[in-house]
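These notes concern the structure reproduced below.
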Amino acid sequence: MIEDLKKLEVETQNDLESVTDKKTLEALKIKILGRKGLFASLAGRMGEVPAPDKPAAGQELNRVKRILEESFKEKEASFSAVSPETKSLDATMPGTFALPGGIHPLTQVTLDVTRIFERLGFAVVDGPEVETEYTNFEALNIPLDHPSRDSFDTFYLDNGKLLRSQTSTVQIRVMEKRKPPLKIIAPGKVYRPDATDATHSFMFHQIEGLMVDEGARFSDLKGILLAFANEFFGAGTKLRFRPHFFPFTEPSAEIDLWSPTRGWLEILGAGMVHPNVLRGVKIDPEKFTGFAFGMGVERVAMLKYGVEDIRMFFENDIRFLKQF
Ligand code: DAH
């Protein structure tokens, strides 16, 4: 009986292959799987099978039944998929191809950087691009007569607001709402009315970091940035901290990254949050200390991938974008 079942299976499969229309398919189905079909008559012979062989025969019966049912189903589906429209389909006509999209290199760098900081315990936050003078300058301890408040260095809007010129604004937004311990990272766009050239764009991206806690120290800043640099640029990456001035941090530093081919290159600004900034958001600088840093995404991306001209990122040239 097992032999007969196998034979039925093979023969039916062969028959099915040569079926080209629905009617023949239906007839074949009745002949094989119908109530009085070949399969049923084989199943009827179960009684004749000697008791010890019954389990094997039963198993084979089930297997063949399932396979036959599936084969018919597939064949039926293949017919129903052919509507009158698709029947006149010209299979020789060239198809339309959709190019698979990709993640923009700046987005990719932002994701890579923020993921590293997330693993170090920083939460990703967002802030508005249209800002107040207060958040972009005053709250960051940038006095009225500071040169960067000159209208040439900031896009002012008619309503007295401005396009933020740095993501440091997010430090203020976060500290106004939440109190320490705080560990945040804030990626986003910033705007400056610079003439466009190979290293300047009127819009670019920054990633801001801030940690405020009891006993947060400059050495914590160093450790965090070194951990980041080694993960992002590779093990053995060296950083150099150069004294610098930023109004919202004291002490402040510019940090350079060592590249074997190009030497020291500046990648970010950082420092200990200025007590005036903490006081402004009602955090007691006697109790809490903090560090902050800000890096340029384009600069980091250019360094990592050897891109020589910042404009490449914004021209939407597929030959450039495809390489990432
Ligand atoms: N906001 C600065 C800039 O745009 C970068 C920066 C420097 C951010 C020092 C910081 C910092 O948080 O501590 O040039």
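None of the figures in this text is laboratory data; all of them are computed from the coordinates on show. Just so we're clear, the structure is a prediction, and the values are computed from it rather than from any experiment. Methodologically, a virtual Cβ is constructed for each residue, glycine included, from the backbone with ideal geometry; neighbour enumeration extends over all protein chains shown.
Tell me which of His146, Phe233, Ser88 sits at the most positive position along the dipole axis of the chain, charges placed on C-beta atoms (Lys, Arg +1; Asp, Glu -1).
Ser88
Let a ≥ b ≥ c be the square roots of the eigenvalues of the Cα gyration tensor of region 207-270; is it rounded (a/c under 1.5), or, if not, prolate (a/b larger than b/c) or oblate?
Details: a/c = 2.38, a/b = 1.46, b/c = 1.63.
Oblate is the answer for region 207-270, as a/c is 1.5 or above yet b/c matches or exceeds a/b.
Trp264's amide H: which non-local residues (gap 5+, or another chain) put their own amide H closer than 5 Å, with H modeled 1.01 Å from N in plane and none for Pro or chain starts?
Here the answer is Ser259, since their amide H atoms fall under 5 Å of that of Trp264.
Hey, got the dipole for the chain? About the Cα centre, +1 on K and R Cβ, -1 on D and E Cβ, debye to the nearest 20?
Details: 42 positive and 47 negative charges, 205 e Å.
So the magnitude is around 980 debye.
Could you go through region 231-246 in sequence order and give the Karplus-derived ³J(HN,Hα) for each residue, using 6.51 cos²θ - 1.76 cosθ + 1.60 with θ = phi - 60°, rounded to whole Hz, and x for Gly and Pro?
Rounded to whole hertz, the list is 6, 7, 9, x, 4, x, 4, 10, 10, 10, 9, 10, x, 8, 10, 10.
Charges on Cβ only, +1 for Lys and Arg, -1 for Asp and Glu, centred on the Cα centroid of region 2-80; of Thr12, Ala57, Leu33, which one is farthest towards the dipole's positive end?
Positive-most Cα among the choices belongs to Leu33.
Taking only the alpha-carbon atoms of the chain, what semi-axes of the equivalent ellipsoid follow from 5 times the gyration tensor eigenvalues under a square root, in whole Å, largest first? Please list the in-between numbers first.
On the way: eigenvalues 1008, 137, 78 Å².
Ellipsoid semi-axes (Å, largest first): 71, 26, 20.
Taking a virtual spin label 7 Å from the Cα of Glu129 along the C-beta vector, which residues in region 164-197 bring their backbone nitrogen under 16 Å of it?
164-170, 187-194
Given the convex hull over the Cα atoms of region 1-114, what projected area results after averaging over all orientations, in nm²? Provide the component values of the computation, followed by the final result.
Working: hull surface 58.2 nm².
The orientation-averaged projected area of the Cα hull of region 1-114 comes to 14.6 nm².
Using a Förster distance of 45 Å, how high is the FRET efficiency between Arg63 and Asp213, based on the Cβ-Cβ distance and rounded to 0.05? Show your work: numbers first, answer last.
On the way: r = 66 Å, r/R0 = 1.48.
For R0 = 45 Å, the calculated efficiency reads 0.10.
On a straight-distance basis, which lysines could pair with Lys75 in a cross-link, Cα separation under 29 angstrom, same-chain partners fewer than 8 positions away excluded?
List returned: Lys6, Lys7, Lys22, Lys23, Lys29, Lys31, Lys36, Lys65, Lys87.
So what are the ³J(HN,Hα) numbers for region 316-323, from phi and the Karplus equation (6.51, -1.76, 1.60; θ = phi - 60°), rounded to whole Hz, Gly and Pro as x?
Residue by residue, region 316-323 yields 6, 7, 4, 5, 7, 5, 4, 6 Hz.
Could you work out [θ]222 nm for the chain from helices alone, using -39500 (n - 2.57) per DSSP H run of at least four and dividing by all its residues? Round to the nearest 500 deg cm²/dmol.
On the way: 12 runs with 130 residues, N = 324.
Helix contribution divided over all residues of the chain: -12000 deg cm²/dmol.
If you place +1 on the Cβ of every Lys and Arg and -1 on the Cβ of every Asp and Glu, how big does the dipole about the Cα centre of region 81-194 come out, in debye to the nearest 20? Can you show the working numbers first?
Numbers: 13 positive and 15 negative charges, 120 e Å.
Using only the charged Cβ atoms, the result is roughly 580 debye.
Rounded to the nearest Å, what's the spacing between the alpha carbon centres of region 217-295 and region 3-68? Just the number, please.
76
Calculate the spin-label point distance for Asn230 paired with Glu48, positioning each point 7 Å from the Cα along the beta-carbon direction, and give it in nanometres.
Calculated label separation equals 7.9 nm.
Can you compute 3J(HN,Hα) from phi for each residue in region 280-289, using the Karplus curve 6.51 cos²θ - 1.76 cosθ + 1.60 with θ = phi - 60°, rounded to whole Hz and x for Gly and Pro?
x, 9, 6, 10, 6, x, 6, 9, 10, 10
Starting from the 7 Å offset along Cα-to-Cβ, what nm value, one decimal, do you get for the label separation of Ala56 and Lys177?
7.2
Scan around Val124 for amide H atoms under 5 Å from its own, H built in the peptide plane at 1.01 Å from N, and keep only partners 5 or more places away or cross-chain.
Those qualifying (amide H under 5 Å, at least 5 residues apart or on another chain) are Ile185.
With +1 on each Lys and Arg Cβ and -1 on each Asp and Glu Cβ, and nothing else charged, work out how big the dipole of region 1-134 is about its Cα centre, in Debye to the nearest 20.
On the way: 18 positive and 23 negative charges, 234 e Å.
Computed charge dipole of region 1-134: roughly 1120 debye.
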